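The values are calculated or read from the model by the stated rules, or taken from the named source; none is laboratory data. Treat the numbers as computed from the prediction; the structure is a model and nothing was measured. Every residue, glycine among them, receives a Cβ derived from its backbone with ideal geometry; neighbour counts consider all protein chains shown. Surface accessibility is based on the protein's heavy atoms, side chains included, excluding ligands, DNA and RNA. Shrake-Rupley method; radii C 1.70, N 1.55, O 1.52, S 1.80 Å.
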Amino acid sequence: MTYLAELIQTLRDAAPEQLGLLFDGGPVIWLIAALSILTVALVLWKAWRLALIGAWSGGRRAERAVAMWESGDVESARRLLSGRRTCRAVLARSAMDSFRDPHLSAEAAEQETVRVAKRLMARLRSGLRPLELIATIAPLLGLLGTVLGMIAAFQALQEAGSRADPATLAGGIWEALLTTAAGMAVAIPASAALTWFEAVADRLRHEMEDLATRLSIHAPTPVETGLKHAAE
């Protein structure tokens, strides 16, 4: 314990003023700092995953393929999507294959399209739960740190009795409030990123629903896709 205390004191002395705030805020602010690192990692990972599945590609190739399908050029439409890994292309190609499969009934083709859509929606929404959790608990951790800090500050004031120094009390209060500010500083970007990613997922869901509906209307055996249930 003595060695640990000396190590912490050495780090405090060597750290610049910004890092010194971590030591002043107590253990709770270290948890908030860890959440901030996790938030940045999640946002970067999610943006990368969305880029891989074509969230910002515009879906022009899938639109062209569906237009070919509607005009009756089925084979060209399927070839245009061959090897594509974007969410729109994967769903469109799967729907085309299902609607043209002679071994599948209309109901089976619909169920297969919905199954693929659900799988794609799960990929689109992966990683959003942790961001939602961080946005919820970060300000609560900040409030917990503030309450603990205020308790410690008033305990010190009680022990000092008539010799209490107002400056010491003020210093303890601002250190306690530091955790609340840190919690909000983590929760606000996490909440903003969560809202943005959810908006992207909803936009892609509507686009895929539209593509699948158009494919089903012009399928050899028209079926209703029921894609809207994929987001449930």
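Has region 39-48 got any residue that is without any contact (Cβ under 8 Å) to a residue 60 or more places away in the chain and of a type in the set (D, E, K, R)? For region 39-48, residues without any contact (Cβ under 8 Å) to a residue 60 or more places away in the chain and of a type in the set (D, E, K, R): absent.
Taken as a whole, the condition of being surrounded by 17 or more Cβ atoms within 10 Å (Cβ to Cβ) and modelled with pLDDT of 90 or more does not apply to Arg129. Within region 88-110, the residues that satisfy the criterion of being touching a residue at least 40 places away in the same chain (Cβ under 8 Å), farther than 11 Å from Leu211 by Cα and open to solvent by less than 50 Å² (accessible area, probe 1.4 Å) are Phe99, Ala106, Ala109. When you check Ser82 against the structure, is it under 18 Å from Ser57 (Cα atoms), more than 27 Å from the chain's Cα centre (by Cα), surrounded by fewer than 17 Cβ atoms within 10 Å (Cβ to Cβ) and without any contact (Cβ under 8 Å) to a residue 40 or more places away in the chain, yes or no? So Ser82 fits the description; yes.
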